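What follows is a set of notes on a single structure, which appears directly below.
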Amino acid sequence: MRPKPASDAKETAAPAGATHTLSPADLSAGEIEGVVVRGLRRFADGRGWLAELFRDDEASDEFRPAMAYVSATAPGAARGPHEHREQADHFCFIGPAEFELRLWDNRPNSATFGRVMTLRARVDEPLSVIVPAGVVHAYRNVGGVEGFVVNLPNRLYMGAGRKEAVDEIRHEDDPGTIFRLDD
């Protein structure tokens, strides 16, 4: 993480709609409250492999999936940084590429507000990561091949019937954002 000068403080939208000034000086590395990281165990045989991505008996009501989708990300391409006011994401980095994931706690009422967490999903170490609402997140394919990510968010995209506004604050559209993947 390469912080920008402290003079670049940004007003950031809090999940409840309030604003709070967060500057690069507020950022520190560490774990983020509510982020759940677990390895995905692959069961392999002569036919290939499988991995459990979600189990209802391991999910809390807060993070129970409402839908699922898969995305393919080209080598060197990034998605984010962005955050959701209400939605939690449950990402499964299944390969075959490697991914770097960065999270920033942008929740003013969180005990870990201002923390930055960086994770690496590897071909031989796939990851499942639950990202709570209000945690800014981004990932980049740092491998040499196209990589796949499954997401099991706890909200429907654009709500029932796709009739609601998208729950997304797109920091990637702000060239002056303090939420950056480049080191």
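The values are calculated or read from the model by the stated rules, or taken from the named source; none is laboratory data. If you're wondering where the values come from, they're calculated on a predicted model, not measured in any experiment. With ideal geometry, Cβ positions are generated from the backbone for all residues, glycine too; neighbour counts draw on all protein chains shown.
Within the group Arg64, Arg47, Arg2, which residue is among the basic types (Lys, Arg), closer than 30 Å to Gly144 by Cα and modelled with pLDDT under 95?
Testing whether each residue is among the basic types (Lys, Arg), closer than 30 Å to Gly144 by Cα and modelled with pLDDT under 95 leaves just Arg2.
Report, by residue number, each residue of the stretch 46-78 that is of a type in the set (Asp, Glu) and touching a residue at least 60 places away in the same chain (Cβ under 8 Å).
Passing the criteria: only Glu62.
Inspect all residues belonging to the stretch 132-153 and state whether any of them is of a type in the set (D, E, K, R) and under 25 Å from Asp56 (Cβ atoms).
No, that holds for no residue.
Do we have Ala72 as surrounded by 11 or more Cβ atoms within 10 Å (Cβ to Cβ), out of contact with any strand residue (DSSP E or B) (no Cβ under 8 Å at 6 or more places or on another chain) and under 23 Å from Phe99 (Cβ atoms) here?
no
Pick from the stretch 92-117 the residues that are crowded, with 19+ Cβ neighbours inside 10 Å and in contact with a His (Cβ under 8 Å, 6 or more places away or on another chain): which of them is nearest to Ile178 (Cα to Cα)?
So the residue we want is Trp104.
Looking at Gly143, Gly134, can you tell me which residue is over 22 Å from Thr177 (Cβ atoms), surrounded by 18 or more Cβ atoms within 10 Å (Cβ to Cβ) and in contact with a Pro (Cβ under 9 Å, 6 or more places away or on another chain)?
Testing whether each residue is over 22 Å from Thr177 (Cβ atoms), surrounded by 18 or more Cβ atoms within 10 Å (Cβ to Cβ) and in contact with a Pro (Cβ under 9 Å, 6 or more places away or on another chain) leaves just Gly143.
Could you go through the stretch 173-180 and let me know if any residue there is surrounded by 20 or more Cβ atoms within 10 Å (Cβ to Cβ), in contact with a strand residue (DSSP E or B) (Cβ under 6 Å, 6 or more places away or on another chain) and not hydroxyl-bearing (Ser, Thr, Tyr).
The answer is yes, given that some residue of the stretch 173-180 is surrounded by 20 or more Cβ atoms within 10 Å (Cβ to Cβ), in contact with a strand residue (DSSP E or B) (Cβ under 6 Å, 6 or more places away or on another chain) and not hydroxyl-bearing (Ser, Thr, Tyr).
Considering each of Gly80, Gly147 in turn, give the residue that is out of contact with any Gly (no Cβ under 9 Å at 6 or more places or on another chain) and modelled with pLDDT of 95 or more.
Sole residue among the options that is out of contact with any Gly (no Cβ under 9 Å at 6 or more places or on another chain) and modelled with pLDDT of 95 or more: Gly80.
Anything in the stretch 49-69 that is assigned to a helix (DSSP H, G or I) and surrounded by 12 or more Cβ atoms within 10 Å (Cβ to Cβ)? List them, or say none.
The answer is Phe63, and nothing else.
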